[in-house]
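Worksheet for the structure shown next.
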Amino acid sequence: MTKKKIVLLDGNSLAYRAFFALPLLTNDTGIHTNAVYGFTMMLQNILADEKPTHMLVAWDAGKTTFRHSTFSEYKGGRQKTPPELSEQFPYLRKLLDAYQITQYELDQYEADDIIGTLSKSGDEEGVEVVIISGDKDLTQLASDHTTVCITRKGITDLEKYTPEHVMEKYGITPPQIIDMKGLMGDASDNIPGVPGVGEKTALKLLKEYGTVEKVYESLDSVSGKKLKENLTENEELAYLSKKLATIEVDAPITISIDDLAYPGPDEENVKTIYEELKFKSLLDKMESPTENGPIAEIDVQIVANPEAIDLADEMAIHVEMMDENYLSTEVTGVSMTDDEQTVFIPIGVLQQSDRLKEWFSDEAKKKYATDSKAAYASLLRYGVEVNGFEFDLLLATYIANPSSSYTDVASVAKEFNYSDVQPDEAVYGKGAKKALPEEKVLADHAGRKAQAVWKLRPVLEEKLRENDQFELYHELEMPLANILGKMESTGVKTDLGILQQIGLQLSTRLTELESIIYEMAGQPFNINSPKQLGEILFEKIGLTPIKKTKTGYSTAADVLEKLESEHEIISFILTYRQLGKLNSTYIEGLSKEIHEDGKIHTRFQQALTQTGRLSSINPNLQNIPIRLEEGRKIRAAFVPSEPGWLMFAADYSQIELRVLAHMSQDEKMISAFREGEDIHTKTAMDVFGVDKDGVSSDMRRTAKAVNFGIVYGISDYGLSQSLNITRKEAGKFIDTYLKTFPGVKQYMEDIVSEAKMKGYVVTMMNRRRYLPDITSSNFNLRSFAERTAMNTPIQGTAADIIKKAMIDMDARLKDENMQTRMLLQVHDELIFEAPEEEIEKLKKIVPEVMESALSLDVPLKAEWAYGHSWYETK
DNA sequence: TATCTCACG
DNA sequence: ACGTACGTGAGATAA
C-alpha cells in the first residue's frame with residue numbers, strides 16, 4: 001500500500017487570499033466568482049503537486065472562539081468580510097463537496113486548531129502532512145513530518161516551511177514562532193505583543209534566551225534600558241499574546257485521519273458546478289483531449305459510390321472547407337450523419353451525383369447545419385442547391401446568447417458539454433503551418449462536426465423554448481439566413497473603371513496635399529502615423545495638445561478641428577486624412593474585392609452583434625461613404641448587374657426614435673409621429689418652448705443631437721462632446737428633455753432596473769442581451785451597462801423589424817413573380833436591383849412591406865429612391 | 001498583434 | 001471623483 005499523505009487546507013485563509021489576489025470577476029449571471037476561481041486554481045495545483053491520499057479543508061466556526069474568552073479584542077478591528085466574498089462561500093463548499101474533499105469546522109475553534117490537532121496526530125502516526133494556508137502563524141506546526149506551505153504572492157506560488165527553512169529564515173525553531181508572536185504580536189489578529197518589540201528584537205531575544213519564559217527569567221541580563229522597561233511593564237501582555245498565538249493541538253475534534261481519505265473528484269458534479277459558475281477555461285481543461293485521453297473513435301465512411309448510401313429524411317450536415325470565407329474557399333466535401341451512420345462525401349462525388357443533389361434540394365429532407373447560410377452559399381457555387389434547413393447551430397447559439405463567440409463548432413460544442421469534436425485549428429494547423437490534411441483526417445473531422453450538430457439540436461432547441469426565443473430563432477433568423485445567403489451569392493456589380501477614375505483624381509490631390517504639408521511642417525514625415533504627426537504638430541510647431549491617448553497625443557479629427565484656427569496646416573491634414581481614407585479603404589480596398597463576375601460579394605455576419613444587427617465583412621458594404629459628397633461619389637461604382645436595370649433603395653425614417661416612442665409610450669413623442677411631424681423640429685419646439693417658426697437651425701441641431709443621445713443611453717459628457725458644449729449645458733438640455741418627455745424618462749429608469757433584476761434586456765421580438773456588469777461596483781463598467789440597457793432594446797428592435805421586412809419582402813417578390821433582387825441591407829435601408837419595368841411596382845410594395853413589418857403604436861415610415869447607380873438613389 | 005483613426009447606421 | 005455617448009469593419013503604423 002502506498003504511504004499516506006495528508007493535505008490540510010485553511011479554508012478561510014485561502015478564500016480570502018484568492019479573493020484579494022484576483023479582480024472582482026463576475027460570470028454572466030452576476031455572481032462574483034473570483035474567490036471560487038482562485039481557490040479552484042490553488043486546489044488543482046495542490047492536487048497535482050502533492051497527490052494526497054487524505055485531504056481536509058478546515059473552516060473557522062462562527063464569530064467567537066475560545067480565544068475571545070481569553071482576550072475579548074482578539075481579531076478586533078478586522079474589516080467585515082466583504083459581501084462579494086461572503087456570497088461565494090456556499091459555492092466553495094459545494095465545489096469541495098463535488099471534489100469529495102472532507103470539510104470540517106468546530107464550534108469555538110478556528111481552522112488553525114483543527115489543522116494543528118490533525119497534524120499532531122499525523123506526526124504521531126508518522127505520516128506525511130502538508131498544511132496550506134495564507135497565514136504565517138501556521139509555520140509553528142512545521143516538523144519532520146509536517147511541511148507548512150504559505151501562499152507567497154498571487155495564488156499559486158507557495159513557500160514551503162520545513163523546520164530547516166524556518167531556521168534559515170528566522171534562525172529559530174518552529175515552536176519558537178509562538179514565542180516570537182508573543183513578543184512582537186500580530187497586528188492582523190489584534191494580538192498586542194510587547195510594545196516596541198518588532199520582528200528584529202523578538203528574534204534577537206529568542207536566539208539568546210529561547211522562549212518568552214526564559215526571557216523573563218533572565219530579564220536582568222537583557223540589554224537596552226527602554227527594551228527592559230517595556231518587557232517588565234508588559235509581562236502579562238507577552239504571556240497573553242503567546243497564548244493567543246498558540247495553535248491548539250488537542251482540540252476536541254470528532255474526526256480522525258482515516259475519515260479524510262480522498263477518493264478524487266466526482267467529475268460530473270465538478271463539471272456541473274463549473275458550468276453553473278461559467279468557468280469556461282476550467283471546463284475546457286477538463287474536457288480537452290490531452291486531459292481526458294483521446295476523444296472517442298468514430299466510424300466515418302468516405303463515399304465513393306453515392307448510390308450506396310442511405311439518405312434519411314432528417315440528417316445533420318456539415319460543409320467542410322479550410323478557410324472561413326465560404327464565398328471564395330474551396331469546399332472539400334460534405335459530412336452527413338444521423339443515428340445510423342456518418343459519411344463524408346468528397347465535393348467531386350457530390351457534384352457528379354444527381355441522387356445526392358436531389359436529396360439536398362428537396363425541401364422535405366430536413367437538414368441540421370452548423371451554419372446554414374455558409375452551407376447554402378458555398379454549395380451553390382458547386383451547382384448544389386440546398387433547401388430544407390431545419391436547424392442551425394450557429395444561429396441557435398447566437399440567439400441563446402449573442403455574446404457567445406462562435407469561432408468553430410468545437411467551441412460551441414464545448415459550451416454545451418459536448419467534446420467529441422476538435423477545433424479547426426487542431427486539424428488544419430495555424431499561421432504559416434496551416435495546410436489541408438489528408439482526406440481521412442478531413443472526413444473524420446467533418447464527421448464529428450455533423451455528429452455534434454445532431455446531438456446538440458435537442459439541447460439548444462430546448463433552451464430556446466425555455467427562454468421563449470424559439471420563434472425568433474426559427475421564424476426570423478433561420479429564414480433570414482437563407483435570404484442573406486442568396487444576397488451574398490448574388491453580389492453587387494461594381495464598375496472598376498469608375499473606382500479607378502476616382503482613384504486617379506484622389507492620388508493627384510493627395511500628392512499635392514502631401515507636398516504642401518511637408519512644406520508647412522518644414523520636413524517630410526509620414527502623415528498617416530499619429531506618432532509622427534503628433535510630434536510635428538505638438539512639439540515642432542508647438543500647438544497645444546487637447547487630448548491624449550494611451551500612447552501619446554491624440555490627433556483625431558475632432559481634436560484637429562479645434563486646432564484649425566491655430567495653424568493653417570491643420571485643414572490640409574484633415575483633407576489629406578479624408579482623401580487618404582477614401583483612397584486606401586474604398587478605392588484600393590474595394591477594387592481588390594471585385595470577383596471574376598464583376599461583382600463584390602460581401603458576407604453578412606448574422607451571429608455577431610450584441611444587438612441583433614447584421615454586420616458586413618470582406619468587404620464591409622455597410623459603411624460606404626455618403627455624408628461627404630467626395631466620398632459619396634464612390635457609390636456611383638455600384639451599378640445594376642443587368643442591362644436596363646436600375647438600383648432601388650428604401651430606408652426607414654427615424655426607425656429607432658419610433659421604436660422608442662412605442663416602447664416608452666411617451667404621449668408627446670407618439671403624437672409627434674402620428675401627426676407626421678419632423679421629429680427633431682418638434683423636439684426643439686417642446687424642449688425650447690417655442691412655436692414652429694421659432695425653431696432656429698441651431699435649436700433643431702441641438703434637439704437632433706439630444707434625440708441621438710437618448711437612443712444611445714444619454715450622458716451629459718457624451719452630449720457635450722457631440723455638441724461641443726460644456727457638460728453643464730449638456731446636462732441642462734437633458735434635464736429639460738426628460739421633463740418634456742416624462743414617458744421617455746420613465747422608460748429609461750424602468751429598463752435599467754429591469755436589467756438589474758433579470759440580468760438581461762430584451763427586444764420586442766425577445767432577442768436577449770445579458771448585462772453582467774449592470775451590478776458591478778465599478779462605476780465605468782456599470783454606467784456602460786446601463787447605457788447599453790437603454791440602447792439595446794431600441795437598436796435591437798429596429799434590427800428585428802428590418803429583418804422581418806426582409807423576409808416579407810422576399811416572399812412578396814416571389815408572390816408577385818418579380819425579377820427584382822435584394823442586394824444589401826444597411827441597418828435601416830434595403831438596396832435592390834430591378835428591371836426598369838418593375839420600378840413602379842416597387843415604389844408601391846417596398847414601402848408597404850417595410851411599413852407593415854411590425855405593428856407599433858406609431859406608424860413606420862419608409863422612403864425610396866432609384867437611379868442608375870447606388871449614388872443616384874438619393 | 002494592438003492601437004489609432006475613420007467610414008457607416 | 002470616476003471618464004463615455006450605441007452598434008460595427010478596415011487600413012496604416014509600430015511594436
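Is it true that A:LYS136 is within 19 Å of A:PHE39 (Cα to Cα) and open to solvent by 30 Å² or more (accessible area, probe 1.4 Å)? Criteria met by A:LYS136. Taken over region A:421-435, the criterion of being part of a loop (DSSP other than H, G, I, E, B) and open to solvent by 100 Å² or more (accessible area, probe 1.4 Å) is satisfied by A:LYS430 alone. Reported count of residues in region A:568-597, each being touching a helix residue (DSSP H, G or I) at 6+ places or on another chain (Cβ under 8 Å) and away from DNA strand B (no atom under 13 Å from the Cβ), is 5.
Identify, from the list A:ASP313, A:ASP339, A:ASP392, the residue that is touching a helix residue (DSSP H, G or I) at 6+ places or on another chain (Cβ under 9 Å), of a type in the set (D, E, K, R) and open to solvent by 10 Å² or more (accessible area, probe 1.4 Å).
Details: A:ASP313 fails: touching a helix residue (DSSP H, G or I) at 6+ places or on another chain (Cβ under 9 Å); A:ASP392 fails: open to solvent by 10 Å² or more (accessible area, probe 1.4 Å).
From the options A:ASP313, A:ASP339, A:ASP392, the qualifying one is A:ASP339.
Kindly indicate whether A:ASP828 is within 15 Å of DNA strand B (Cβ to nearest atom) and acidic (Asp, Glu). Criteria met by A:ASP828. Filtering A:GLU358, A:GLU363 for residues that are open to solvent by 40 Å² or more (accessible area, probe 1.4 Å) and in a loop (DSSP other than H, G, I, E, B) leaves a single hit, A:GLU363. Any residue that is surrounded by fewer than 17 Cβ atoms within 10 Å (Cβ to Cβ) and either on the phi > 0 side of the Ramachandran plot or in the same structural domain as A:ASP408 (by TED's automatic domain parsing) (or both) - is there at least one of those in region A:441-452? Yes; the residues of region A:441-452 include at least one that is surrounded by fewer than 17 Cβ atoms within 10 Å (Cβ to Cβ) and either on the phi > 0 side of the Ramachandran plot or in the same structural domain as A:ASP408 (by TED's automatic domain parsing) (or both).
Taken over region A:554-606, residues that are outside any loop (DSSP other than H, G, I, E, B), closer than 20 Å to A:MET520 by Cα, free of Cβ contacts under 8 Å to residues at least 24 places away in the same chain and within 13 Å of DNA strand C (Cβ to nearest atom) amount to 2.
Scanning region A:774-784 for residues that are touching a Ser or Thr at 6+ places or on another chain (Cβ under 7 Å) and either farther than 15 Å from A:HIS32 by Cα or within 16 Å of DNA strand B (Cβ to nearest atom) (or both) turns up nothing. The single condition among (1) within 26 Å of the chain's Cα centre (by Cα); (2) under 17 Å from A:VAL334 (Cβ atoms); (3) of a type outside the set (Gly, Ala, Ser) that A:THR407 does not satisfy is (2).
Counting the residues of region A:684-724 that are within 13 Å of DNA strand C (Cβ to nearest atom) and open to solvent by less than 30 Å² (accessible area, probe 1.4 Å) gives 12.
Just one of the numbered conditions (1) closer than 30 Å to A:ALA785 by Cα; (2) away from DNA strand B (no atom under 13 Å from the Cβ); (3) in a helix (DSSP H, G or I) is not true of A:SER671: (1).
Listed residues A:ASN780, A:ASN791, A:ASN817; which is surrounded by fewer than 18 Cβ atoms within 10 Å (Cβ to Cβ), within 16 Å of DNA strand C (Cβ to nearest atom) and of a type outside the set (Phe, Trp, Tyr)?
Working: A:ASN791 fails: surrounded by fewer than 18 Cβ atoms within 10 Å (Cβ to Cβ); A:ASN817 fails: within 16 Å of DNA strand C (Cβ to nearest atom).
Being surrounded by fewer than 18 Cβ atoms within 10 Å (Cβ to Cβ), within 16 Å of DNA strand C (Cβ to nearest atom) and of a type outside the set (Phe, Trp, Tyr) holds for just one of A:ASN780, A:ASN791, A:ASN817, which is A:ASN780.
Only one of the numbered conditions (1) touching a strand residue (DSSP E or B) at 6+ places or on another chain (Cβ under 8 Å); (2) open to solvent by 70 Å² or more (accessible area, probe 1.4 Å); (3) of a type in the set (Ser, Thr, Tyr) is not met by A:TYR16, and that is (1).
Scanning region A:488-514 for residues that are within 12 Å of A:LYS599 (Cα to Cα) and assigned to a helix (DSSP H, G or I) turns up A:GLU488, A:SER489, A:THR490, A:LEU496. Screening A:THR162, A:THR147, A:THR117 for residues that are under 15 Å from A:LEU9 (Cβ atoms) and without any contact (Cβ under 8 Å) to a residue 24 or more places away in the chain leaves exactly one candidate, A:THR147. State which residue is surrounded by the fewest Cβ atoms within 10 Å (Cβ to Cβ) when the search covers only region A:184-193 and only residues that are out of contact with any strand residue (DSSP E or B) (no Cβ under 8 Å at 6 or more places or on another chain) and modelled with pLDDT under 85. That would be A:ALA187. For first residues located in region A:706-724 and in the same structural domain as A:THR681 (by TED's automatic domain parsing) and of a type in the set (Gly, Ala, Ser), partners that are away from DNA strand B (no atom under 15 Å from the Cβ) and not in a helix (DSSP H, G or I) and lie 6+ apart or on another chain with Cβ distances below 9 Å form the pairs A:GLY709/A:SER715; A:SER720/A:THR726.
Taken over region A:612-623, the criterion of being surrounded by fewer than 19 Cβ atoms within 10 Å (Cβ to Cβ), within 11 Å of DNA strand B (Cβ to nearest atom) and part of a loop (DSSP other than H, G, I, E, B) is satisfied by A:ASN620, A:GLN622, A:ASN623.
Taking region A:631-655 as the range and being near DNA strand B (Cβ under 9 Å from one of its atoms) and without any contact (Cβ under 8 Å) to a residue 60 or more places away in the chain as the test, only A:GLY631 passes. Among the candidates A:TYR652, A:TYR712, A:TYR717, the residue that is modelled with pLDDT under 95, closer than 29 Å to A:LEU830 by Cβ and among the hydroxyl-bearing types (Ser, Thr, Tyr) is uniquely A:TYR712. Anything in region A:382-420 that is out of contact with any Lys or Arg (no Cβ under 8 Å at 6 or more places or on another chain), closer than 23 Å to A:LEU608 by Cβ and part of a loop (DSSP other than H, G, I, E, B)? List them, or say none. Result: A:SER404, A:SER405, A:TYR406, A:THR407, A:ASP408, A:PHE416.
The values are calculated or read from the model by the stated rules, or taken from the named source; none is laboratory data. Computed from a predicted structure; not experimentally measured. Reconstructed Cβ throughout: ideal geometry from the backbone, glycine too, with neighbour counts over all protein chains shown. Protein only, heavy atoms only, side chains kept; ligands, DNA and RNA dropped before computing areas. Shrake-Rupley method; radii C 1.70, N 1.55, O 1.52, S 1.80 Å.
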